[in-house]
Amino acid sequence: MSIEGRLLAEKLADAGISTFILEYRVDPTPETPAAFQASLLDAMTQPRIGQGPELYQLDSVVRARLDAATALQYLHDHQQELNIDITRLGVLGFSAGAITAMAVALEDVDVNQPAFVGAIYGSMAAVTPLADPPPLFVAMASDDPLFEHEGFGLIESWHAAGGSTELHWYANGGHGFGARTQHTTSDRWLGQFLAWLESRGILVGNANQ
């Protein structure tokens, strides 16, 4: 909620973007420290993260997607009082949040599809996009310990479905660079994301460009 939440929301607000932070449901935390340590070790070592389209069918991802879809519905329903333009309303996520953002864009619904998707160090595995999928921005470091060996199936499948993509593949940055400064080229992802939004006509007059 810090480097991938409030801090980034402030930076986006400085660029003229209204930002809503989603707190979505996650797996229950085990009751004892020992059980928590064991579950964390299992989650980080078992090869079930980013193993293909089935990733988006996991219970934890489905719960997060439903929460995100509810948030989008709320913003659509309250667009006038919130003074937002829903034709420019997109989703941006980091790691598990990137998977959540992708899950929203992959759901076969007739309304409330995001105008764009930003997936920052999420799964790169191939997916089955909807027809005419929304524009996709992807940022990933080549030394990411979770997703660096998945190839570029996400980009290829998005293009095959007729979607537009922008990919930034950084030499260094690891996993979770978010709003941190590491003195690597991954530090520049936010400026590149804003430039991309401006090129799409979603962001107008980016003062930080």
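All of the numbers you see were taken from the coordinates with simple rules; none came from a lab. Everything numeric here is computed off the predicted structure, so don't read it as measured data. So basically every Cβ, Gly included, is an ideal-geometry build from the backbone, and we count neighbours across all protein chains shown.
Please compute, over every Cα-Cα pair in the chain, the percentage with a separation greater than 28 angstrom. Of all Cα-Cα distances in the chain, 26 percent exceed 28 Å. Take 89-101, 7-19, 128-140, 154-166 and order them by the average number of nearby Cβ atoms within 10 Å per residue, most first; the result is 89-101, 128-140, 154-166, 7-19. Across the chain, C-alpha contacts under 8 Å between residues 6 or more apart give a mean separation that, scaled by the residue count, equals a relative contact order of 17 percent. Annotation: amide H-H contacts under 5 Å for THR165 (H modelled 1.01 Å from N, sequence separation of 5 or more, or interchain): LEU136. About its Cα centre, the dipole of the range 2-199 is roughly 280 debye, where the only charges are +1 on Lys and Arg Cβ and -1 on Asp and Glu Cβ.
Rounded to whole numbers, the Karplus 3J(HN,Hα) couplings from phi for the range 63-79 are 4, 5, 4, 4, 5, 5, 5, 5, 5, 4, 4, 4, 5, 5, 5, 10, 4 Hz, using 6.51 cos²θ - 1.76 cosθ + 1.60 with θ = phi - 60°, and x at Gly and Pro. When the charge dipole of the chain is built from unit charges on Cβ atoms (+1 for Lys and Arg, -1 for Asp and Glu) and taken about the Cα centre, the candidate among ALA160, VAL138, THR70 whose Cα reaches farthest toward its positive end is VAL138. Summing charges over neighbours of LEU130, with a neighbour being any other residue whose Cβ is under 10 Å away from its Cβ, gives -3 when K and R count +1 and D and E count -1.
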